[in-house]
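One structure below.
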Amino acid sequence: MTSHINIQVELAEDKMPEAIKWTAPDGGVAEWQNAKAILLGLWDGDEKSALRIDLWTSKMAVDEMNDFFYQTFYGMAETYMRATQNHTLSQELKDFAKVFLNKASLALEQQNPK
């Protein structure tokens, strides 16, 4: 059996992502969904190296990027816990995610005072 996750990136003339869409028909997402950013990590077991594709559209606001990274860090902690059963390091990653969000939010407030 083969399962497909489809990602479509529409580029502007300057080759920057203008729109990102995705589907996962076997996962219950049959219709194209819009996204403002994607972080895709792949592990090359032969080379023992991580491969990454990081894309975001110009519509992605800094506060959204901060939330996206917070949720990504937190989700990575959950995945790490399921994969390794290492409660201690998983919790440290979650704690880092919270500190990150607080610092990122503070930095954004300082850049854009009300």
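The values are calculated or read from the model by the stated rules, or taken from the named source; none is laboratory data. Since we're looking at a predicted model, the values are computed, not measured. Positions of Cβ are backbone-derived with ideal geometry, glycine not excepted, and every protein chain shown enters the neighbour counts. Quick note on the areas: whole protein, heavy atoms, side chains included, nothing else; ligands and nucleic acids left out. Shrake-Rupley method; radii C 1.70, N 1.55, O 1.52, S 1.80 Å.
What single numbered condition from (1) of a type in the set (A, V, I, L, M, F, W, C); (2) surrounded by 13 or more Cβ atoms within 10 Å (Cβ to Cβ); (3) touching a residue at least 12 places away in the same chain (Cβ under 8 Å) fails to hold for VAL62?
Of (1) of a type in the set (A, V, I, L, M, F, W, C); (2) surrounded by 13 or more Cβ atoms within 10 Å (Cβ to Cβ); (3) touching a residue at least 12 places away in the same chain (Cβ under 8 Å), only one is false for VAL62: (2).
Filter the stretch 1-59 for residues that are under 14 Å from the mean Cα position of the chain (by Cα) and small (Gly, Ala, Ser); which is nearest to TYR70 (Cα to Cα)?
Here the residue is ALA37.
Would it be correct to say that ILE53 is open to solvent by 50 Å² or more (accessible area, probe 1.4 Å), assigned to a strand (DSSP E or B) and out of contact with any Lys or Arg (no Cβ under 8 Å at 6 or more places or on another chain)?
yes
Filter the stretch 58-114 down to residues that are basic (Lys, Arg) and in a loop (DSSP other than H, G, I, E, B) and give me whichever is farthest from MET16 (Cα to Cα).
Among them, the one singled out is LYS114.
Which number in (1) free of Cβ contacts under 8 Å to residues at least 24 places away in the same chain; (2) farther than 28 Å from MET1 by Cβ marks the one condition that THR57 misses?
Checking THR57 against (1) free of Cβ contacts under 8 Å to residues at least 24 places away in the same chain; (2) farther than 28 Å from MET1 by Cβ, the one that fails is (1).
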